[in-house]
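One structure is given here, and the rest of the page talks about it.
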Amino acid sequence: MNILMLYPEFPDTFWSYKHALRFVGKRAALPPLGLITVASLLPKSWDKRLVDLNVDRLQSRDLKWADCAYISGMSIQKDAAQQLIKQCKASGLKIIAGGPLFTMDHESFAQVDHFILNEAEITLPLFLQDHKKGKVQHLYTTNAFPDISTTPPPQWELLNMKRYHSMEIQYSRGCPFNCDFCNVTSLLGHKVRIKTAQQIITELDGLYATGWRDGIFFVDDNFIGNKRQLKEDLLPQLIRWRKNKQSITFQTEASINLADDPDLMNQMVDAGFDTVFVGIETPDEGALAECNKTQNANRDLVADVKRLQQAGLQVQGGFIVGFDSDNASIFRRQIDFIQRSGIVTAMVGLLQAPKGTKLYQRMEQAGRLTGISSGDNVEGTTNITPIMDASRLHAGYKQILNHIYAPKHYYARIKTLLRECPRPNVSGRLSRADLMALLRSIFRLGIIGKERVHYWKLLVWTCLRRPRQFHLAVTLAISGYHFRKVCEHHVH
């Protein structure tokens, strides 16, 4: 059996980093971890070929070779997935689809032959059993959540790894919190299920054996969902594993209460973590209560961010406007918070209600849904009829983006971060790829870019005040170019 595994192309979005990737000679930020994990769950005797449309073209010879196509994706890849499905059907291929996009919205894909929804550790074996019997059903779904301590390592060998900026790995699934705009718990549950530390070390060993020596993203929606296991089991083993592998650093996502645990922060930094994404959402207590973001309530969120930075963790932040309790002051308050906190990578979006969330249910009951959530965090759209005047909401949203990604304010946040964050995990050595990225940034940002004055001021300041953070300063300058291009597309 020849299995063609397909991953649709991402549009140009905040997290695609498409404009920044050109500086470093890469085609995609991250690989399709779900598909290469599913590949490990398929029979070993089957031949598998992966075509990630973000780094490769789908050739006619691929379609002729295949007996069937396995397609996965996320909500933001919906349009690309539809086109990919049409192309496969035109070639006479049977299509099996799974992943978050299809789990949340499989009704939109009439041409798919078989859906394997929810988590593949449960539903894929059911499909394979029926396949053996020659009685395959159209839909496989479950309300159960698997024990992932038996999940096999991904098949890294399916990837053309030179085309990716970072690799991915997963330690846990599920989140203990219940934010009403988030579909993580509807997809993966409240109970935090974890892999063993030995599983993670085995996966890292496999990745290292391929020659990978760069960054790795732990894709957990809340990496600190089980603090005890982290502190007692995984992090000590990661510290030992990374002892002679200093070029590899980690980043992940976590809730803001990480800032309450100095020991955990220090352990993460010792283990090689240098970046953490945190859902800040809003500085407004009323909005936090409205969306049930209890873990962020009654806190000095700027102080929390500073503690994370001072521990050695760059904080990336998610922000939302358009809550029912928001008034006209929220736009200035969001700007002020972002600038004071030194969160350089600040993803700001309008409130959206994904399917499966409590927010979706509330808006549906209230007759305020206007469609399906796009999955794009910064495109300036919402599928909710807002309480605030819609034109005022969109004008305020544009005001935020125009301000925080204007070179003057963006580069000011880089300096704020560099002052706060010691970045102990940066080696200080520039590789050939780093040098090429620097040269490209000098031309694009320092010579022809509208940010050239701010760019040179930052580089001189960093060389004089924070020379060990030079690599980070250049990286963030390059990222800022991407963010501005994306935001300019949406606000003009």
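Give me the extension gain from SER186 to LEU128: residue separation times 0.36 nm, minus the current Cα-Cα distance, reported in nm with one decimal. Working shown, then result.
Values: separation 58, 0.36 × 58 = 20.88 nm, distance 2.52 nm.
Full-extension gain reported as 18.4 nm.
Specify, per residue and in Å³, the volume enclosed by the convex hull of the alpha carbon atoms belonging to region 432-491.
Numbers: hull volume 4.9 nm³, N = 60.
Cα convex hull per residue, to the nearest whole number: 81 Å³.
Calculated on the alpha-carbon coordinates, the convex hull of the chain measures out at 145 cubic angstrom per residue. Distance from the alpha carbon centroid of region 177-193 to that of region 339-399 works out to 19 angstrom.
Could you tell me what % of all Cα pairs in region 148-420 have separations over 23 Å?
Numbers: 20994 of 37128 pairs.
That fraction is 57 percent.
Each of PHE181, PHE443 has some number of other Cβ atoms within 10 Å of its Cβ, and from fewest to most they run PHE443, PHE181.
Any read-out appearing in this document is the output of simple, stated calculations on the displayed coordinates, not a laboratory observation. The structure presented is a predicted model; accordingly, all values stated were derived computationally and were not measured. Please note: Cβ atoms are built from the backbone with ideal geometry, for glycine as well, and neighbour counts cover all protein chains shown.
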